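Chemist: Here it is, the structure, as structure tokens.
Bear in mind these aren't lab numbers, they're just calculated from the coordinates by the rules spelled out. Since this is a predicted model, take the numbers as computed values, not measurements. All Cβ positions, even for glycine, are placed from backbone atoms using ideal geometry, and neighbour counts span all protein chains on display.
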Amino acid sequence: MKESGKPMRRLPPLAARNRAVWPLVALCTAAVPAYVCAAEVDHNALSDLRVRETSNATEIVVSGTAPPTFTVFKLADPARLFIDISNADTARLKTPVDIGNGVVGEVTALQFSESGARVGRIIVGLEVDALYKVVALGNDLVVTVDASQRRVQSVPVAGGDSAETLQRLRDLEARAVEADARALAAEGQAADARTQAQRAAEQARAAVEQAKRESDAARAAAEARTGEADARATLAATRAAEAEQRATQADARARQAEQSAGDALTQARTAEGRSGDALASAKAAAQAARTEADHARLTAERSRAEAEAARRETEAARAAAATAFAAAEKAKAERVAAEAVASRAVAQAATAQAEAERARGEKLAAEQTARAAAAKAAEAEAQAQQGRGDAKALADARAAAQAAEAMRAQAEAAATHAMEKAREADARAQAAEQDRSA
């Protein structure tokens with residue numbers, strides 16, 4: 001592709017967002033599309049292009065009137081880095097700028113249109129393969145090229161009074177330390193919440209196991225009582241059947257005796273001359289048969305009463321067994337519920353721990369940014385005292401301070417959120433323990 005032509009291709013927004021914001025990649029011999037950053041704007045007038053040299057990098061800063069939306073790619077033979085800024089006007093940029101430090105050669109700007117939209121192109125000529133990154137910082141586009149192979153060490157451009165900026169950076173560092181303390185406190189709370197949740201889970205499991213053992217014992221006892229009651233009921237039913245049989249036999253003998261007595265009475269009446277002793281003997285035999293029949297009936301009734309009592313005892317034993325089984329099912333349901341509560345408490349504690357870890361990472365990033373901004377501000381102040389620069393370095397230091405302030409605020413918010421999560425997990429763990437105790 002020619003320098004004055006269009007880029008080889010643009011990445012779709014999703015692929016662009018999936019790229020790392022700080023990709024340091026080595027130059028290669030083929031065109032490699034990079035990423036698209038920031039949001040579309042109606043118009044971006046590029047007003048200034050300046051170069052800064054630090055101890056380990058060369059920075060090219062392009063200032064505009066709106067946050068830049070850009071695409072990055074590079075070509076070889078010769079090695080060049082292309083940054084296409086959408087809806088941008090390069091008319092006010094003073095280029096080319098000759099750097100010639102052994103890594104970066106010349107920086108130029110071009111203007112062209114693509115699909116009816118204006119595109120401002122920044123071309124960075126590279127003299128050697130080097131790592132680079134391109135980021136948007138407010139309305140500025142910052143191209144950073146690794147200067148480890150640099151042959152010429154340029155003097156940084158700085159100027160202005162940066163005392164206010166340094167004070168702000170000191171405040172940022174103090175706030176970063178405070179955010180660190182809050183993040184550590186959140187980590188401690190999350191760890192305590194997780195410990196309490198685990199303890200509650202263990203206690204719940206122990207209580208459930210005890211309830212299960214008691215339920216099994218109650219079920220076994222109820223089954224044993226049911227078996228004994230069934231045996232007694234069977235024995236009572238057998239005895240009742242035997243008593244009924246004896247009663248039936250006694251009734252038969254009684255009827256036979258009554259029949260014999262009737263026959264005897266008939267014979268006695270027919271035989272007028274017979275003695276009254278035979279009649280009395282027959283009546284006595286009939287009375288004895290009736291008495292035996294009554295005794296057999298009483299025995300049968302007692303047997304039936306015993307059988308009925310045994311039946312009621314069996315039903316009571318079965319009801320007790322059903323009650324014990326219901327209690328066992330209830331204990332099982334309570335065990336499942338307690339395990340679910342304990343699992344939720346452990347998961348919430350782990351989430352709070354993760355939130356605390358994330359807050360700590362964000363705090364560390366904010367602290368690093370604040371320190372870097374402080375270093376840049378100190379460097380700007382030193383150069384201002386030597387009288388070798390202009391007001392651009394102070395503006396850059398202030399922009400870096402603003403970025404550090406934003407990251408500090410994000411880290412502080414994340415730490416506060418993590419602490420809230422830890423407190424919520426602690427409360428849930430305590431609630432789970434109270435539920436288990438109840």
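Chemist: Could you compute the net charge surrounding G188? Neighbours are other residues with a C-beta less than 12 Å from the C-beta of G188; K and R count +1, D and E count -1.
Modeler: Here the count lands on +1.
Chemist: What does the extension gain come out to for L131 and L235, with contour length at 0.36 nm per residue minus their alpha carbon separation?
Modeler: Here the answer is 27.6 nm.
Chemist: Calculated FRET efficiency, R205 and D48, Cβ-Cβ r, R0 56 Å, to nearest 0.05?
Modeler: It comes out at approximately 0.25.
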